[in-house]
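The values are calculated or read from the model by the stated rules, or taken from the named source; none is laboratory data. None of these values were measured; they are calculated from a predicted model. So basically every Cβ, Gly included, is an ideal-geometry build from the backbone, and we count neighbours across all protein chains shown.
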Amino acid sequence: MKLFYTPNSPYARIARIASVELNLSKQIEMQKVTVRDPNSELLNYNPTGKVPTLATDDGFILSETRIICVYLNQFNPKIKLVADISDGFLQQLEGTASGFIDGIAVWVRELRRSSSEQSSGVIKLERSRALRILEYFEKISDKFDQTPKLAYIIIASALGLESRLPELQWRLSYPKLAKWYDEFSGRPSLQVTKPEY
């Protein structure tokens, strides 16, 4: 298998963390690529040009983070990384975490545009969404643990974008969440996939 990634993509980071947590590092070749590049090697595999992209051994090309994580989980089913129907809390948390990281990614991309092209409405919307979700996570953080679950990996990957989004400044307002994050982000899988920015 081959996993295409960029070092700073939070979505690719989730898939990379999953591969480490599932003990699949020796079975997956990690291929660093460029995106938004008409000459990217990735386009030979995936016409969307998005990471993560997984080329499977049986010739399929998988994209979208959760689909890749579900696929990888089958190689080590003893570790229940992806929530199944029997765990409503983690399924709900996966959905909320995905909305959280999507909103933060939009916010980060908007701020990368020149100031004359930025949409203050988009920034305001994504900021309010992020704060609302952070408030929710703080309230339920006593239910969080340190096990490698996709929901927690998504949350940690989103919170790890704090260095790219100093406007967020979440730590002081959400101390229980910060405590959980600081411990969870010490996992070896999160340490070896730290972004390069």
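Scanning segment 28-57 for residues that are out of contact with any helix residue (DSSP H, G or I) (no Cβ under 8 Å at 6 or more places or on another chain) and within 18 Å of PHE75 (Cα to Cα), which turns out surrounded by the fewest Cβ atoms within 10 Å (Cβ to Cβ)?
Within segment 28-57, the match that is surrounded by the fewest Cβ atoms within 10 Å (Cβ to Cβ) is ASP57.
Does GLU117 satisfy the criteria of being loosely packed, with under 15 Cβ neighbours inside 10 Å, touching a Ser or Thr at 6+ places or on another chain (Cβ under 9 Å) and without any contact (Cβ under 8 Å) to a residue 40 or more places away in the chain?
no
Between ILE85, ILE79, which is under 19 Å from the mean Cα position of the chain (by Cα) and assigned to a loop (DSSP other than H, G, I, E, B)?
Working: ILE85 fails: under 19 Å from the mean Cα position of the chain (by Cα).
Answer to the selection: ILE79.
I'm trying to understand the selection: among the residues of segment 123-136, which are surrounded by fewer than 16 Cβ atoms within 10 Å (Cβ to Cβ) and closer than 15 Å to ASP102 by Cα?
If the condition is that a residue be surrounded by fewer than 16 Cβ atoms within 10 Å (Cβ to Cβ) and closer than 15 Å to ASP102 by Cα, then ILE123, LYS124, LEU125, SER128, LEU131, ARG132 are the ones that fit.
Condition first: assigned to a strand (DSSP E or B) and touching a residue at least 40 places away in the same chain (Cβ under 8 Å). Now tell me which residues in segment 1-57 satisfy that.
Result: LYS2, LEU3, PHE4, TYR5, THR53, LEU54, ALA55.
Assuming ARG66 fulfils every condition listed in (1) surrounded by 15 or more Cβ atoms within 10 Å (Cβ to Cβ); (2) farther than 18 Å from THR6 by Cα; (3) basic (Lys, Arg) apart from one, which condition is it?
All conditions pass for ARG66, except number (2).
In the list ARG109, ARG13, ARG36, which residue meets the criterion of being among the basic types (Lys, Arg) and within 14 Å of the chain's Cα centre (by Cα)?
That would be ARG13, the only listed residue that is among the basic types (Lys, Arg) and within 14 Å of the chain's Cα centre (by Cα).
Is it the case, given these coordinates, that PHE60 is under 30 Å from GLN146 (Cβ atoms), surrounded by fewer than 18 Cβ atoms within 10 Å (Cβ to Cβ) and either hydrophobic (A, V, I, L, M, F, W, C) or in contact (Cβ under 8 Å) with a residue 24 or more places away in the chain (or both)?
Taking the combined requirement at face value, the residue does not satisfy it.
Select from segment 153-173 the residues that are over 12 Å from PHE100 (Cβ atoms) and among the hydroxyl-bearing types (Ser, Thr, Tyr) and write down the one among them that is surrounded by the fewest Cβ atoms within 10 Å (Cβ to Cβ).
Among those residues, the one meeting the criterion is SER163.
Residues in segment 142-197 that are among the aliphatic types (A, V, I, L, M) and over 14 Å from the mean Cα position of the chain (by Cα): how many?
Result for segment 142-197: 6.
Could you figure out which of (1) under 17 Å from ARG187 (Cβ atoms); (2) in contact with a strand residue (DSSP E or B) (Cβ under 6 Å, 6 or more places away or on another chain) isn't true of PRO52?
So PRO52 meets the others, but not (1).
For segment 147-197, give me each residue that is acidic (Asp, Glu) and assigned by TED's automatic domain parsing to the domain that holds ARG112.
Listed by number, the residues that qualify are GLU162, GLU167, ASP182, GLU183.
Is there a residue in segment 123-143 that is small (Gly, Ala, Ser) and either closer than 30 Å to ASN44 by Cβ or in the same structural domain as ALA18 (by TED's automatic domain parsing) (or both)?
Taking every residue of segment 123-143 in turn, none turns out to be small (Gly, Ala, Ser) and either closer than 30 Å to ASN44 by Cβ or in the same structural domain as ALA18 (by TED's automatic domain parsing) (or both).
Based on what the data block shows, is GLU94 at negative phi, modelled with pLDDT of 95 or more and in the same structural domain as ILE154 (by TED's automatic domain parsing)?
When the stated conditions are applied, GLU94 passes them.
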